[in-house]
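Structure record follows, encoded as structure tokens.
The values are calculated or read from the model by the stated rules, or taken from the named source; none is laboratory data. Remember, it's a predicted structure, so these values are computed and weren't measured experimentally. Here the Cβ positions follow ideal geometry from the backbone for every residue, glycine too, while neighbour counts run over all protein chains shown. The protein model used for the area step is the full one, side chains on, heavy atoms only, and it has no ligands, DNA or RNA in it. Shrake-Rupley method; radii C 1.70, N 1.55, O 1.52, S 1.80 Å.
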Amino acid sequence: MSAAVVVMGIGIALVLALLGATLVLAVLRIVRGPTILDRMIGSDMVLTTALVVIGAAMVVRRDLTAVPVLVVIAATSVFATIAVARAVTPSSDPSDEGLTVTTPEHADDQERPQ
């Protein structure tokens, strides 16, 4: 076995270990929360890690057949982020006066008598 193969094997093992650690930390962020935005950041990290893993596998195998999968995962991540951002953004309607609860974190404020 040549030195290049050994170095490549060590590099692949190191990359997989780092990506595994990234995935574990992202899942912990999703589980711990506490806000919907924390969970969205965690899910974005999970999808980004999946993109990197698939991309690295494509490089190692020298095969481009997974490019459509990468595009679908990236588009899903972007659309999910936009949907959550729109859901938690306060209304720009002047008649709303901020009375509409848009995030679960502020739901307690609405339930309290004033």
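Only one of the numbered conditions (1) within 11 Å of the chain's Cα centre (by Cα); (2) on the phi > 0 side of the Ramachandran plot is not met by L51, and that is (2). For the stretch 54-75, the set of residues classified as within 13 Å of the chain's Cα centre (by Cα) and surrounded by fewer than 12 Cβ atoms within 10 Å (Cβ to Cβ) consists of A75 only.
Is there a residue in the stretch 24-36 that is more than 23 Å from V84 (Cβ to Cβ) and not in a helix (DSSP H, G or I)? Within the stretch 24-36 (the criterion being more than 23 Å from V84 (Cβ to Cβ) and not in a helix (DSSP H, G or I)), the answer is no, since none of the residues qualifies. Total residues in the stretch 76-85 satisfying the condition of being open to solvent by 40 Å² or more (accessible area, probe 1.4 Å) and among the polar types (S, T, N, Q): the figure is 2.
I'd like to check something: does the stretch 3-20 contain any residue that is within 12 Å of the chain's Cα centre (by Cα), modelled with pLDDT of 90 or more and outside any loop (DSSP other than H, G, I, E, B)? For the stretch 3-20, residues within 12 Å of the chain's Cα centre (by Cα), modelled with pLDDT of 90 or more and outside any loop (DSSP other than H, G, I, E, B): absent.
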